[in-house]
Amino acid sequence: MESEPKKIKRIGVLTSGGDAPGMNAAVRAVVRTSVAKGVECVGIRRGWQGLINSDFVLLNRDSVKHILPLGGTMLYTARSDEFLQNSGRAKAVITCKMLGLDGIIAIGGDGTFRGALELSRLGVPVVGIPATIDNDVGCSNYTIGFDTACNTAIECIDKLRDTMQSHERCSVVEVMGRNAGFLALYVGIAVGATAVLVPEHKVDFQKDIIERIQNSKLAGNSHFMIVVAEGAGSAVDFGRMIHDAVGMEPRVTVLGHIQRGGTPTARDRETATRMGYSAVNAMVEGRYNSIIATQEGGIVEIPIEEALKMKKHLQMDRYRIMETMQLGGSTTLLDDF
Ligand code: F6P
């Protein structure tokens, strides 16, 4: 006879690692789905560190009222060194027992999921929800927060372009993304950048930057927008190199943490809600130690161990599209975007 899945009566939910717009929407979906299933929900504050410290708050339908459009995370977030140690994780297990938690839903990126895997090995059921502006979780083609971060960066760069165009300057803009170029490439395509530098493509300074500026100039342009993924190098360094090579005086902007804030877009709210709903259902139905991911738009559940081994590559066809848009050339000042 098959054994009945463990009856889930109370779960914990936490957000961990860098925050991402849409985390609140995911927390809300987890809480509301739990309530609908008759499962109690406990918010663990400050990520894995909060689990170690028994830093919690009881959640109900009303606690998550009005958080859907808010950026940040009502549960706070942290990166915990203590949780990397066996002793830290042992304390976390004690908190789970003390609070009577039958499982944890962890919202974050790969670092969060590595923590979740370790916790699952200690017998605590876990389900992960991918949320990071970097979009660099291998098992999921989308992570909550990416779309909002792209839109924030685009809005900033559009504004930069106005003044670069007036002064006929070159702008070098650094966007986040850690070791991945998703944010830079999507944003670069969307703003019609002169060049986009990503860690997945080895930068040939002459070909990828100088020749592009020259071609753009030949096509009639007098302002240039270079988008640099932080993982590809420093915008300050590239600015200096451009100055030394062609005598221009580029203006450098590092967009920084502004990219992590703001009200989540429709895509992030909708994806977060579907993922939160799916995570609770999986847990309650006895399918845990997995990551809720999107593949071809649909929601799938992937065992954590397998999920952490999966790789997602930057779509180089998109890189070629970006190149073609610029190399195709233009003859008027503004029609290259
Ligand atoms: O992972 C999200 C992210 O914003 C990365 O893009 C960036 O490299 C990093 O976090 C910044 O981390 P911190 O908030 O610790 O400065």
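Annotations for the structure displayed:
- Any hit, region 154-162, residues being out of contact with any His (no Cβ under 7 Å at 6 or more places or on another chain), not in a loop (DSSP other than H, G, I, E, B) and not assigned by TED's automatic domain parsing to the domain that holds ASN179: no
- Looking across region 107-127, the residues that are touching a residue at least 24 places away in the same chain (Cβ under 8 Å) and away from the ligand (no atom under 15 Å from the Cβ) come down to ALA116, LEU117, GLU118, LEU119, SER120, LEU122, GLY123, VAL124, PRO125, VAL126, VAL127.
- Output for region 128-137, where each listed residue is away from the ligand (no atom under 14 Å from the Cβ) and surrounded by fewer than 24 Cβ atoms within 10 Å (Cβ to Cβ): none
- Residue in region 323-333 that is surrounded by 22 or more Cβ atoms within 10 Å (Cβ to Cβ), over 28 Å from LYS37 (Cβ atoms), touching a residue at least 40 places away in the same chain (Cβ under 8 Å) and not assigned by TED's automatic domain parsing to the domain that holds ILE209 present: yes
- Residue check: GLY262 meets all listed conditions (1) surrounded by 15 or more Cβ atoms within 10 Å (Cβ to Cβ); (2) at negative phi but one, namely (2).
- LYS91 falls short of the stated requirement of being over 23 Å from ALA149 (Cα atoms) and out of contact with any helix residue (DSSP H, G or I) (no Cβ under 9 Å at 6 or more places or on another chain).
- Region 251-270 residues that are part of a strand (DSSP E or B), paired with ones that are of a type in the set (S, T, N, Q) and more than 11 Å from the ligand (Cβ to nearest atom) (beta carbon under 7 Å, 6 or more apart): ARG251/SER171; THR253/SER171
- Single match in ARG251, ARG240 (criterion: in the same structural domain as SER171 (by TED's automatic domain parsing), farther than 30 Å from ASP102 by Cα, touching a strand residue (DSSP E or B) at 6+ places or on another chain (Cβ under 8 Å) and surrounded by fewer than 20 Cβ atoms within 10 Å (Cβ to Cβ)): ARG251
- Residue within region 166-187 that is away from the ligand (no atom under 16 Å from the Cβ), in a helix (DSSP H, G or I) and over 20 Å from the mean Cα position of the chain (by Cα) present: yes
Residue-wise test of (1) within 16 Å of the ligand (Cβ to nearest atom); (2) touching a Leu at 6+ places or on another chain (Cβ under 6 Å).
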site: VAL252; (1), (2): no, no
site: ARG267; (1), (2): no, no
site: ALA282; (1), (2): no, no
site: GLU301; (1), (2): no, no
site: LEU314; (1), (2): yes, no
site: ARG318; (1), (2): no, yes
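- Check on GLU174, surrounded by fewer than 20 Cβ atoms within 10 Å (Cβ to Cβ), outside the structural domain of SER16 (by TED's automatic domain parsing) and at negative phi: no
- Residue selected from region 113-132 under the condition among the aliphatic types (A, V, I, L, M) and outside any loop (DSSP other than H, G, I, E, B), by the criterion nearest to ILE292 (Cα to Cα): ILE129
- Complete set of residues in region 208-235 that are free of Cβ contacts under 8 Å to residues at least 40 places away in the same chain, assigned to a helix (DSSP H, G or I) and out of contact with any helix residue (DSSP H, G or I) (no Cβ under 7 Å at 6 or more places or on another chain): ASP208, GLU211, GLN214, LYS217
- Within region 69-106, considering residues that are hydroxyl-bearing (Ser, Thr, Tyr) and more than 18 Å from the chain's Cα centre (by Cα), the one nearest to the ligand (Cβ to nearest atom): SER80
- Cβ-Cβ distances below 9 Å connect the following pairs, each with a first residue in region 146-175 that is free of Cβ contacts under 8 Å to residues at least 12 places away in the same chain, a second residue that is crowded, with 23+ Cβ neighbours inside 10 Å and hydroxyl-bearing (Ser, Thr, Tyr), and a separation of six or more residues or different chains: THR163/SER171.
The values are calculated or read from the model by the stated rules, or taken from the named source; none is laboratory data. Because the structure is a prediction, the values reported are computed rather than measured. Because the Cβ atoms are built from the backbone with ideal geometry, glycine has one as well, and the counts that use them run over all protein chains shown.
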